[in-house]
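The values are calculated or read from the model by the stated rules, or taken from the named source; none is laboratory data. Since this is a predicted model, take the numbers as computed values, not measurements. Here the Cβ positions follow ideal geometry from the backbone for every residue, glycine too, while neighbour counts run over all protein chains shown. With ligands, DNA and RNA removed, areas are computed over all heavy atoms of the protein, side chains included. Shrake-Rupley method; radii C 1.70, N 1.55, O 1.52, S 1.80 Å.
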Amino acid sequence: MRILLAILMCLPLCAQEAAKPQEPAKPEETKEAAPAAPQDQPAAETPAAESAVSGSIDFGYRWVDFRGGHFNTYRSVVNLGEGPKLFGSDITIQGPGGRLFDRLTVSANNWGGDPYNTLRIGARKTGVYDFSADYRNIAYYNFLPSFANPFRDAGLLVNQRSYDIQRRVSEIRLDLRPGKRVIPFLAYGRNSNFGTGITTLVASSNEYPITNRIRDHLDNYRGGVRLEMARWHVTLEQGGTLLKDDQQVFTSGFNAGNRPNPLLGQTLFLTDALQAYGVRGNSIYSRGVVTANPFTWLNVFGQFLYSLPETDVHFTQNNAGQFVQLNPLLFFTAQQDIFSGLARMPRTSATAGTELRPFTRLRILQSWMTDRLHTSSFGTLNQQLFPAGGAAITPLTASDGQRLVMNYNQHQVDAFYDLTRRITLRGGHRYVWGDSVVPASSLTTEERSKLRRHVALAGAAFRTGGKLSANFDFEGGTSENSYFRTSLDDYQLIRARARYQAIASLGFSANFTYLNNDKPTPGINYGLLSRSNTFSVFWTPGGGQRMSVLAEYSRSSMRSDIFYLAPQDLVPEGSFYRENAHTANALAELPLPGYLTGGPAPKLSFGGSLFRSTGSRPTRFWQPMGRLALPLHRNVALVTEWRWYGFGQPFWQFETFRTHMFSTGLRISR
């Protein structure tokens, strides 16, 4: 924090130096002194220079008063910690004519241990360069004891699919000669993931929860050129990626797994295990984008992308304990697997479209896209089993090659017609087609599938002189086949939006969404019905100078039914989910009168969020809040905030928590 304050204190000095004009050279000698100003004439006033530094910084301290419940559930849902925090900052330095930059911006949010941190730096010098650097850090924690817990009914609060990981995404980009016709650019990005968790080692007739260590990153290098002409624009880009994944799954000590009863008189257990993945990948790709306006009534665009990724995989597994092989029946105490494989996936994607305006009131949009990939792979597996008191057995030494082919195409036409100045009608059609080849597995043979889907599109837009506007959109699709069990098949999608501005300070909006999807395939019988209704009001009397109120309420429902094969015994089972939910959000800001210093008035904010649902997993969530901003100086305010988090689930009382959260700090603006 002290380093940050020191940087902020130096920013005005740096800005003054960057914006300071060069002084003209002094003449060697002056022939005649300038006449003095008369005594009774006031000296000319020099206008104050405009500040070169602007922005704000918000920092302080947060306290978390955990009142009870399951702390891991709190971390899975909220995960805000206590301590010194940089809540937000946005600094801009203007330095026209400076040697290094004309404009420099720095923004940072949620630093100090929060689960989502961002940092962005931008610098620009007119006609020379445009530089940007972005960084995001996402801390993901998931440990809900009601999920993936076969011992939940016995009161054991464990989770066999949990994560405590961090994903970091960063990108640096440099554009040269911005604003010119030819703009070269270079960029580098990195996406990394690391942390720990719990997963299962799957063995015949049992599963064992063990530690999972995650380590992977992807580097993306790219560069190219943009051509900016009067009627057309072209982007040419060449790039490459490098992938590294070193995940490990391991344990040490007695582990009985998820099977409480012996099998044929033998107790199955795990004592030691190590799975190590070594994945290395690389890819090259080329991309081209073109947009053009050859005529005033015609716009065209297109994009082409080709990539060729390759992946090299090495895997080893060593585990000890008591295990079983069912066909043929064999009990053994140790297992060793070694696998190596190589895969290539050439992929071609392209889009193209036009916007045609043959008449003043008619606009026709046409688009086409294709995505074609072909994966070819080859792998070798060597497995050894070690029975108790016997010689090692090699039941499996196999080499195999597989291929996956998937082609997806889509063509869409939309027509927009202005029936009047206030009414626009829309009609269109979307056609989706493709084919795929899925490799065989131990349970199925090679499968070939075709995708065919027709979708009807319709809509209307209505607007008055500024008071009322409304939009309505409809999609209705029917499919001969689809790739995935939960894909859109025979469906209807309706969206409606309306906004009414009663007076300048009072407005209303409403949104409605409806989706009905059916897939009557035998053995699947998938059905999804989702509805959502939202109503909001915003009131800002006096342009928000007096007070402002924003309130929103949503009513939603979901029904999902699907049949599947249980992996442990391949018996058909059904998944039936129901949810009916109420969601409400409100925030009011009220300036407080009678401030003694005569400066800016304090501002009180209060409101909160509410979520209540019934059905398969009823949930209660309540989050009221209050905030007071007290000005201490023209550019400094003391900000204090309180929040309450209450979470509960009637079916799983152990997944509840309650906590107070307090924060206080300074907001400095310039």
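A few remarks follow.
- Among the trypsin sites (Lys or Arg not before Pro) within the range 136-204, those in coil by DSSP and having at most 15 neighbouring Cβ atoms inside 10 Å are K180, R181.
- Counting protein heavy atoms only, the chain has 59 percent of its accessible area on carbon and sulfur, 1.4 angstrom probe.
- Charge context of R190, other residues only, Cβ under 12 angstrom, K/R +1, D/E -1: 0
- Stokes-Einstein diffusion for the range 44-156, with the hydrodynamic radius set to the Kirkwood value over Cα pairs and evaluated at 20 °C in a medium of 1.002 mPa s, equals 118 µm²/s.
- Spin-label model, T513/L565: points 7 Å from Cα along the beta carbon direction are separated by 3.4 nm.
- Spin-label model, Q402/T126: points 7 Å from Cα along the beta carbon direction are separated by 5.9 nm.
- Taking every alpha-carbon pair within the range 447-546, the share separated by more than 16 Å comes to 68 percent.
- P(r) histogram, all alpha-carbon pairs of the range 224-357 included - 5 Å bins from 0, percent: 2, 8, 11, 11, 9, 8, 7, 7, 6, 6, 6, 5, 5, 4, 3, 1, 0
- Residue-wise HN-Hα couplings along the range 650-662, as the Karplus relation 6.51 cos²θ - 1.76 cosθ + 1.60 with θ = phi - 60° gives them from phi, are x, 6, 10, 5, 6, 9, 10, 7, 9, 7, 8, 9, 10 Hz; Gly and Pro carry x.
- Dividing the summed helix terms, -39500 (n - 2.57) for each DSSP H run of n ≥ 4, by the number of residues in the chain produces a 222 nm estimate of -1000 deg cm²/dmol to the nearest 500.
- For the range 220-308, the Cβ-based charge dipole about the Cα centre amounts to some 240 debye (Lys, Arg positive; Asp, Glu negative; other atoms uncharged).
- Selection from P387, H217, H582 lying farthest towards where the dipole of the chain points positive, charges on Cβ: H582
- For the chain, the relative contact order comes to 7 percent (Cα pairs under 8 Å, sequence separation of at least 6).
- Per residue, the chain exposes 58 Å² of solvent-accessible protein surface, assessed with a 1.4 angstrom probe and all protein chains in place.
- Entry note: the range 296-353 has Rg to Rh equal to 1.48, where both radii use alpha-carbon atoms and Rh is the Kirkwood radius.
- Student exercise, the chain dipole from Lys, Arg, Asp, Glu Cβ charges, in Debye to nearest 20: 1600 debye
- Coil-residue trypsin sites (Lys or Arg not before Pro) of the range 481-542, DSSP, other Cβ within 10 Å capped at 11: none
- With only the Cα atoms considered, the range 301-411 has a convex hull volume of 147 Å³ per residue.
- Packing, taken as the mean count of other beta carbons within 10 Å per residue, orders the peptides 394-403, 632-641 from highest to lowest as 632-641, 394-403.
- Debye, to nearest 20: dipole size of the range 585-670, +1 on Lys, Arg Cβ, -1 on Asp, Glu Cβ: 120 debye
- On the beta carbon distance between I172 and E447, with R0 = 30 Å, the FRET formula returns roughly 0.10.
- Separation of the range 539-589 and the range 120-191, taken as the distance between their Cα centroids, equals 26 angstrom.
- From phi via Karplus (6.51, -1.76, 1.60), per-residue ³J(HN,Hα) for the range 551-566 in Hz, x at Gly/Pro: 9, 8, 9, 10, 10, 9, 8, 8, 9, 9, 10, 7, 10, 8, 9, 5
- 3J(HN,Hα) from dihedral phi, the range 317-322, Karplus parametrisation 6.51/-1.76/1.60, rounded to Hz, x for glycine, proline: 9, 9, 9, 10, x, 10
- Panel note: the C-alpha atoms of the range 124-230, placed on their principal axes, show extents of 70, 26, 24 Å (largest first).
- Taking a ≥ b ≥ c as the square roots of the eigenvalues of the alpha carbon gyration tensor, the chain is prolate, as a/c is not under 1.5 and a/b beats b/c.
- Working from label points 7 Å from Cα in the Cα-to-Cβ sense, the R357 to R215 distance is 5.8 nm.
- Value of relative contact order over the range 370-502, rounded to a whole percent, pairs C-alpha under 8 Å and six or more apart: 17 percent
- Cα pair distances exceeding 11 angstrom across the range 277-323, given as percent: 78 percent
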